[in-house]
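**Q** This is the structure I want to talk about, given as structure tokens.
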Amino acid sequence: MIVTGKRNRICTALAVCLLLSGCGKTTAAESSQAAAEAVTSPQTEKVTAAESELPEGYETFYGVLIDEDCSDTDEPELHELPCMLMESCRASGYGLDILQDDGSWKFVMFDENGQQTAWDYLNQTERMDGLFVTVTGRLENGVIIVESLEES
């Protein structure tokens, strides 16, 4: 149906009012919740380095996200989120505990970007322990230069 004349102006004015009022749009809370749900959904498929196109020199690291102060534990997967959010743990620095062939764990520190990426992840995850993550980055002088971090 084509609307002309006075009716057209009324329909146009009504449409503008609806658009300006935000009618039909999601609220900020709804948008935030949807974004959080998308970020916190568990990864169901593992992507290997061969399947993805990593830039030269980049690797994929898998392990438990942990702070350096608590990294000397024999069971880092049992380390809990509230501890990781404590200021002293944050100040010690975040990194990855990587399981070695002999069953021991080796801690590798993240770079500055990785520190912020880990902090952002810890503040949005719903996990309380078992903070297994997959990190894409490169190892330089015993530090992981973090490109990305994903919950595993």
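The values are calculated or read from the model by the stated rules, or taken from the named source; none is laboratory data. Since the model is a prediction, treat every value here as computed from it, not as a measurement. No Cβ is skipped: glycine too gets one built from the backbone with ideal geometry, and neighbour counts run over all protein chains shown.
**Q** Restricting the search to the range 66-109, which residues are assigned to a loop (DSSP other than H, G, I, E, B) and of a type in the set (A, V, I, L, M)?
**A** 85, 86 - these are the residues of the range 66-109 that are assigned to a loop (DSSP other than H, G, I, E, B) and of a type in the set (A, V, I, L, M).
**Q** If you don't mind, there's one more thing I want to ask. Assuming residue 93 fulfils every condition listed in (1) over 20 Å from residue 152 (Cα atoms); (2) free of Cβ contacts under 8 Å to residues at least 24 places away in the same chain apart from one, which condition is it?
**A** (2)
**Q** What do you reckon, is residue 126 under 16 Å from residue 60 (Cβ atoms), within 12 Å of the chain's Cα centre (by Cα) and acidic (Asp, Glu)?
**A** Considered against the rule, which asks whether it is under 16 Å from residue 60 (Cβ atoms), within 12 Å of the chain's Cα centre (by Cα) and acidic (Asp, Glu), residue 126 comes out as no.
**Q** On the given criteria, is residue 133 free of Cβ contacts under 8 Å to residues at least 60 places away in the same chain, touching a Ser or Thr at 6+ places or on another chain (Cβ under 6 Å) and buried (at least 17 other Cβ atoms within 10 Å of the Cβ)?
**A** Values: free of Cβ contacts under 8 Å to residues at least 60 places away in the same chain: no; touching a Ser or Thr at 6+ places or on another chain (Cβ under 6 Å): yes; buried (at least 17 other Cβ atoms within 10 Å of the Cβ): yes.
Judged against the criteria, residue 133 is not a match.
**Q** I've got another one for you. Look through the range 92-130, keep the residues that are under 15 Å from residue 146 (Cα atoms) and of a type in the set (D, E, K, R), and return whichever of them is surrounded by the most Cβ atoms within 10 Å (Cβ to Cβ).
**A** Here the residue is 97.
**Q** So is residue 11 surrounded by 10 or more Cβ atoms within 10 Å (Cβ to Cβ), at pLDDT 90 or above and hydrophobic (A, V, I, L, M, F, W, C) or not? If you could, list the steps in order and put the result at the bottom.
**A** Details: surrounded by 10 or more Cβ atoms within 10 Å (Cβ to Cβ): yes; at pLDDT 90 or above: no; hydrophobic (A, V, I, L, M, F, W, C): yes.
So residue 11 fails the test.
**Q** Let me ask you something else. Looking at (1) over 15 Å from the mean Cα position of the chain (by Cα); (2) on the phi < 0 side of the Ramachandran plot; (3) not acidic (Asp, Glu), which is the one condition that is false for residue 121?
**A** (1)
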